[in-house]
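Let me begin by presenting the structure, written as structure tokens, before commenting on it.
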Amino acid sequence: MERIIINGGRRLRGEVRISGAKNAALPILTSSILTEGWNTFSNVPNLRDIHTIKTLLLDLGAEIEDGKDLRINASGLNNHEALYALVKTMRASVLVLGPLLAKLGKARVSLPGGCAIGARPINLHLSGLAALGANIELRNGYVEAKARHLKGAPVFFDVPTVTGTENLMMAASLAEGITTLNNAAREPEVVELANVLKKMGANIKGEGTEIITIEGTKVLKPIIHSIMPDRIETGTFMVAAGITAGDIRVRNCNLNHLDSVISKLRETGLKITEESDGLRVVGNKLIRTVDIKTMPYPGFPTDMQAQMMALMAVASGTSVILETVFENRFMHVSEIRRMGADIRIDGRSAIVKGVRKLSGAPVMATDLRASASLILAGLAAKGRTEISRVYHIDRGYDGIVEKLSNLGADIQRVND
Ligand code: EPU
């Protein structure tokens, strides 16, 4: 079994290059289903979730050439089924639903189950596709969707859903007529997908706002595209500078996507300055407390909540972290507590009383961002931290052990 071992207490210094964004790459790769011919994608991160989506695309009949760039040709698609075996390992597999339906007129996709951070239903994806004229049935654990011709229509999301908005944008791009997505997600990854679809020839307006309008077109063409940098990986390395009182230059990142995170981190006392190709983050021994409330974009991202909690665990006072996006995203709390953190859960809030020092301990990763918070806590802790179930981290952080090691952390991956 693989584990990550950290001997904490080192100040991190140096430069780190951020990889392509997982949550932008996943829908972009599935959008290739909509096109005829070879798409070429660069800056694709090397992650377990990306391998899963490639396996799924291959299974659907797409051709893939994997080199420095990733090339995908979905002209020969001959299967419309996303099997349980794949979907259960990655919920984002549901991102093939919209494109398959638009391209082949049918899709059979396993219903994702609950997951470590919440129930995460896909009812809004389904009601949106039904509004476009799809006939949807749930049978034997699968969504079976059929539509001879999707027709543009108004869609209203009860809550803004990132992958739901993406699925609908992809389906509507090949539908007949105009679709409006109301209360749409405004995340940068949604905007990036809209830009990709526009490059392919789609007519989309309003991405990045609550109302996205899509006028369907008959054919989309393949493109060459470089995936944008990962804002959550960027934020995670910023916290790494903060929690180790380090000095890190973060390269290949987009500061415009990180306003809420940068503003909170500055309040904690971090010095963050913009540089030509990124930013410099200088930490301070004294970490001030901030309260956090996670929200859809442009609010504070739920995907940075666990990392901020690690920082607040060693801050000078008490902070309150309110999780409003997912109902069960505090699985990391009991693990960080094992390292000496003083955290109490009260409903959707975590009350974090900063302690002077965390102490290294054996801990278990429970989901992707929880693993990142345990690594951060381990970097700050006195002594040795051993993190098991590291496959969670491989889903979303490309080469995190090597990157932290290059910054001077005493961190290694061992395989018993
Ligand atoms: N929701 C519904 N019904 C739906 C869809 C969503 O009730 O049909 C609810 C969810 O239960 C949740 C809220 O709406 O309470 C928002 O969920 P959303 O659909 O936006 O989440 P997602 O699309 O499944 C994406 C990211 C997540 C990230 C969330 C929130 C991808 C592949 N995943 O998930 O990323 O946390 O948006 O920003 O884009 C991660 O990278 O670690 C991760 C979990």
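For region 218-242, how many residues are within 16 Å of the ligand (Cβ to nearest atom) and charged (D, E, K, R)?
Looking only at that region, the number is 3.
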Of the residues that sit in region 243-301 and are hydroxyl-bearing (S, T, Y) and part of a strand (DSSP E or B), which one is farthest from the ligand (Cβ to nearest atom)?
T273
Would you be able to say whether some residue in region 5-18 is in contact with a Ser or Thr (Cβ under 6 Å, 6 or more places away or on another chain) and polar (S, T, N, Q)?
no
Name the strands (runs of 3 or more DSSP E) wholly inside region 49-115 in which the number of residues that are closer than 15 Å to A25 by Cβ is 3 or more.
70-73
Given the structure, is V363 within 14 Å of G8 (Cβ to Cβ) and buried (at least 22 other Cβ atoms within 10 Å of the Cβ)?
yes
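Do the conditions hold for G61, that is, is it assigned by TED's automatic domain parsing to the domain that holds P121 and either more than 24 Å from the chain's Cα centre (by Cα) or at negative phi (or both)?
Yes: the conditions hold for G61.
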Of the listed residues (L97, L124), the one being in the same structural domain as E176 (by TED's automatic domain parsing), touching a residue at least 60 places away in the same chain (Cβ under 8 Å) and of a type outside the set (F, W, Y) is L97
Would you confirm whether any residue within region 173-190 is more than 12 Å from the ligand (Cβ to nearest atom), within 20 Å of the chain's Cα centre (by Cα) and in contact (Cβ under 8 Å) with a residue 40 or more places away in the chain?
no
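Just give me the residues in region 368-389 being among the hydroxyl-bearing types (S, T, Y) and closer than 15 Å to Q412 by Cα, in sequence order.
S371, T385, S388, listed by residue number.
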Per the filter on region 66-104, residues among the aliphatic types (A, V, I, L, M), surrounded by 15 or more Cβ atoms within 10 Å (Cβ to Cβ) and more than 23 Å from A202 (Cα to Cα) are A82, L83, L86, V87, M90
In region 146-172, what count of residues is obtained for those that are part of a helix (DSSP H, G or I), away from the ligand (no atom under 13 Å from the Cβ) and either in contact with a helix residue (DSSP H, G or I) (Cβ under 6 Å, 6 or more places away or on another chain) or β-branched (V, I, T) (or both)?
2
Hey, among the residues in region 134-143 that are surrounded by fewer than 17 Cβ atoms within 10 Å (Cβ to Cβ) and away from the ligand (no atom under 15 Å from the Cβ), which one's nearest to N183 (Cα to Cα)?
N135
Of all residues in region 105-133 being closer than 20 Å to I178 by Cα and surrounded by fewer than 24 Cβ atoms within 10 Å (Cβ to Cβ), the one that is nearest to the ligand (Cβ to nearest atom)
L124
Can you tell me which residue in region 312-329 is surrounded by the fewest Cβ atoms within 10 Å (Cβ to Cβ), limited to those that are within 15 Å of the ligand (Cβ to nearest atom) and not in a strand (DSSP E or B)?
E327
Subset of region 134-145 [under 22 Å from P27 (Cα atoms) and part of a loop (DSSP other than H, G, I, E, B)]:
A134
Among helices (runs of 4 or more DSSP H) completely within region 332-408, the ones holding 2 or more residues that are out of contact with any Asp or Glu (no Cβ under 7 Å at 6 or more places or on another chain), assigned by TED's automatic domain parsing to the domain that holds D247 and more than 16 Å from the ligand (Cβ to nearest atom) are 368-380, 400-406
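Within region 59-80, which residues are in contact with a strand residue (DSSP E or B) (Cβ under 6 Å, 6 or more places away or on another chain) and free of Cβ contacts under 8 Å to residues at least 60 places away in the same chain?
Correct list: A62, E63, I64, E65, D69, L70, R71, I72, H80.
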Looking at (1) touching a Cys at 6+ places or on another chain (Cβ under 7 Å); (2) not assigned by TED's automatic domain parsing to the domain that holds E327, can you tell me which one G208 breaks?
(1)
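The values are calculated or read from the model by the stated rules, or taken from the named source; none is laboratory data. Remember, it's a predicted structure, so these values are computed and weren't measured experimentally. Methodologically, a virtual Cβ is constructed for each residue, glycine included, from the backbone with ideal geometry; neighbour enumeration extends over all protein chains shown.
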